[in-house]
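*Asks:* Before I ask anything, let me first share the structure, which is written out below as structure tokens.
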Amino acid sequence: RSASPRHSRTPEMGGCADSMHFGCSNRIPPASPGKVTSLPGCSGVMSARLPAAAAPAESISLPDPLDASTWTVHCGSFGAQPIFAVTTALARSLGPPPPGFNSVLESVFVQFRMDNLGRHEYVCLGEVEAQARAGGVVTPLTVYLEDEVKALKRRHESSLVILTAALPDQSLGSSAETEIQVFPQDTELCPPRGFSRNYNIVEELTLGPTQRVMLSDENTLQVGVHRNGIKIFNYLSLIVNCHEKESESRGRYNVGTASPKILYRPIHCLMRENRETRIQVMHEIQEEVWRCLQEGSVVVHCLAGVHRAPTVVVCHYLYRHYVLGHKKVDTDINEIYKRLKALRGKAVDALGYRGPIIDTYRDYLVQ
């Protein structure tokens with residue numbers, strides 16, 4: 001493999017069994033391998049939280065995500081150690097390798113950036129371990145694209161461990177974020193955010209206690225209600241998956257007693273469609289969100305829930321105002337994103353979706 005990200009074929013639009021499928025054949029290059037992009041206003045060193053099984057190791061700092069010689073592992077009272085000095089201990093703590101892997105670290109990937117459409121890019125701890133065994137011989141780490149890691153997850157039946165590296169301003173629970181906006185009586189159904197509760201309630205679009213619009217990452221929907229305590233998931237009538245087609249999905253949602261409809265609409269693929277198709281698909285999504293909201297709650301997610309999923313939620317603001325006549329629902333796109341950032345954190349960003357999808361859909365509704 002080359003140390004540079006390879007161009008990958010983007011997946012087709014996915015959907016439910018009764019929905020249309022749209023092609024997505026054009027290739028979109030990932031971010032430049034020589035530069036780690038971050039959002040305006042975010043600064044500092046990226047860090048990734050390690051699983052509890054890695055104790056005493058708690059987190060990894062990645063000053064340069066592609067140069068493992070700059071990485072350090074933080075081990076609580078034992079202090080910080082260069083990662084090359086602790087890969088063996090880290091592998092031992094995480095246990096035996098899953099089937100198909102020579103080392104457990106080969107199954108651990110760190111998501112460290114996204115491309116201009118919010119698709120994730122990763123490096124593998126197995127390659128860091130190999131460099132440590134080679135005496136610290138440093139070469140730029142291979143960048144794995146989102147589709148490649150998804151394929152590995154499907155092939156190895158969920159054996160992969162995904163860590164998320166973030167800047168201080170983007171980390172869960174940082175001072176840059178506000179507390180989740182829920183009414184006091186709702187904390188039983190909608191507990192505040194936590195390590196396995198990376199979700200938010202969009203109260204302006206909510207109809208009632210069990211009829212809520214939510215933004216989430218994918219992992220939160222797979223952890224399980226009994227573990228993350230998000231009882232509102234028991235009332236889900238619809239999950240909108242914004243990052244993969246139905247044939248690619250592992251489909252392992254764990255949402256308590258709910259049996260929601262799953263709508264697969266990879267938003268990054270929608271970018272390659274013509275204007276009419278972009279409008280048609282987005283309008284169909286909004287109609288389904290509104291229909292299912294009459295029956296229960298709706299959650300919109302991608303992998304991290306900060307780019308592709310917010311695109312759909314922003315368009316739902318527009319749908320509610322222009323189609324349903326809910327005049328108190330805002331249509332100022334800048335203001336809507338400002339509110340979502342305050343709710344979910346600075347990582348929320350329109351990226352390249354603003355003009356081709358959001359503005360195009362708004363213009364269609366206005367006309």
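The values are calculated or read from the model by the stated rules, or taken from the named source; none is laboratory data. Since the structure is predicted, the reported quantities are computational estimates derived from the model, not experimental observations. Glycine gets a Cβ as well: all are built from the backbone with ideal geometry, and neighbour counts include every protein chain shown.
*Asks:* Surrounded by fewer than 20 Cβ atoms within 10 Å (Cβ to Cβ) and not polar (S, T, N, Q): which single residue out of HIS316, HIS321 fits that description?
*Replies:* Among HIS316, HIS321, only HIS321 is surrounded by fewer than 20 Cβ atoms within 10 Å (Cβ to Cβ) and not polar (S, T, N, Q).
*Asks:* Out of LEU236, LEU205, LEU215, which single residue is modelled with pLDDT of 95 or more, among the hydrophobic types (A, V, I, L, M, F, W, C) and surrounded by fewer than 22 Cβ atoms within 10 Å (Cβ to Cβ)?
*Replies:* Within the list LEU236, LEU205, LEU215, the selection yields LEU205.
*Asks:* How do the pairs read when you match residues in the range 313-329 that are modelled with pLDDT of 95 or more with residues anywhere that are assigned to a loop (DSSP other than H, G, I, E, B) and not charged (D, E, K, R), using Cβ under 7 Å and keeping only pairs 6 or more apart or on different chains?
*Replies:* Hits for this filter: VAL313/VAL202; TYR317/VAL329; TYR317/THR331; LEU318/THR331; ARG320/HIS326; ARG320/VAL329; HIS321/VAL329; HIS321/THR331.
*Asks:* Okay, next question. Just one of the numbered conditions (1) closer than 19 Å to HIS301 by Cα; (2) at pLDDT 95 or above; (3) in a loop (DSSP other than H, G, I, E, B) is not true of CYS190; which one?
*Replies:* (2)
*Asks:* Hey, another quick one. Any residue in the range 119-138 that is surrounded by 16 or more Cβ atoms within 10 Å (Cβ to Cβ), part of a helix (DSSP H, G or I), free of Cβ contacts under 8 Å to residues at least 12 places away in the same chain and out of contact with any helix residue (DSSP H, G or I) (no Cβ under 6 Å at 6 or more places or on another chain)?
*Replies:* Yes, the range 119-138 contains at least one residue that is surrounded by 16 or more Cβ atoms within 10 Å (Cβ to Cβ), part of a helix (DSSP H, G or I), free of Cβ contacts under 8 Å to residues at least 12 places away in the same chain and out of contact with any helix residue (DSSP H, G or I) (no Cβ under 6 Å at 6 or more places or on another chain).
*Asks:* When you look at VAL149, is it of a type in the set (A, V, I, L, M, F, W, C), part of a helix (DSSP H, G or I), at pLDDT 90 or above and within 14 Å of the chain's Cα centre (by Cα), yes or no?
*Replies:* So VAL149 fits the description; yes.
*Asks:* Now, a different point. Return the pair list, or none, for Cβ contacts closer than 9 Å from residues in the range 352-367 that are assigned to a helix (DSSP H, G or I) to residues that are basic (Lys, Arg), at least 6 apart or on different chains.
*Replies:* TYR353/ARG308; PRO356/ARG275; PRO356/ARG278; ILE357/ARG278; THR360/ARG275; THR360/ARG278; TYR361/ARG278; TYR364/ARG275
*Asks:* Still on this model: Quick one: GLY79 ticks every box in (1) at pLDDT below 95; (2) in the same structural domain as GLY135 (by TED's automatic domain parsing); (3) touching a helix residue (DSSP H, G or I) at 6+ places or on another chain (Cβ under 9 Å) bar one, so which box is it?
*Replies:* Every condition holds for GLY79 apart from (3).
*Asks:* Determine whether the range 51-60 contains at least one residue that is within 23 Å of the chain's Cα centre (by Cα), farther than 26 Å from GLY135 by Cβ, at pLDDT 90 or above and surrounded by 15 or more Cβ atoms within 10 Å (Cβ to Cβ).
*Replies:* Checked against the condition, which is being within 23 Å of the chain's Cα centre (by Cα), farther than 26 Å from GLY135 by Cβ, at pLDDT 90 or above and surrounded by 15 or more Cβ atoms within 10 Å (Cβ to Cβ), the range 51-60 yields at least one hit.
*Asks:* Can you pull out every residue in the range 330-351 that is in contact (Cβ under 8 Å) with a residue 12 or more places away in the chain and in a loop (DSSP other than H, G, I, E, B)?
*Replies:* ASP330, THR331, GLY345, LYS346, ALA347, VAL348, ASP349, ALA350
*Asks:* Which residues, counting only those in the range 335-356, are within 19 Å of the chain's Cα centre (by Cα) and hydrophobic (A, V, I, L, M, F, W, C)?
*Replies:* Passing the criteria: LEU340, ALA342, LEU343, ALA347, VAL348, ALA350, LEU351.
*Asks:* Is it true that PRO98 is modelled with pLDDT under 50 and surrounded by 13 or more Cβ atoms within 10 Å (Cβ to Cβ)?
*Replies:* no
*Asks:* Turning to a different aspect of this structure: Going by what's in this entry, would HIS301 be described as of a type outside the set (Val, Ile, Thr), under 25 Å from PHE195 (Cα atoms) and surrounded by 20 or more Cβ atoms within 10 Å (Cβ to Cβ)?
*Replies:* Yes.
*Asks:* Output yes when any residue across the range 72-79 is of a type outside the set (Ser, Thr, Tyr) and assigned to a loop (DSSP other than H, G, I, E, B), and no when none is.
*Replies:* yes
*Asks:* Further question on the same structure: So GLU179 clears everything in (1) at pLDDT 90 or above; (2) under 22 Å from ALA304 (Cα atoms) except one condition, right? Which one?
*Replies:* Of everything listed in (1) at pLDDT 90 or above; (2) under 22 Å from ALA304 (Cα atoms), GLU179 misses just condition (1).
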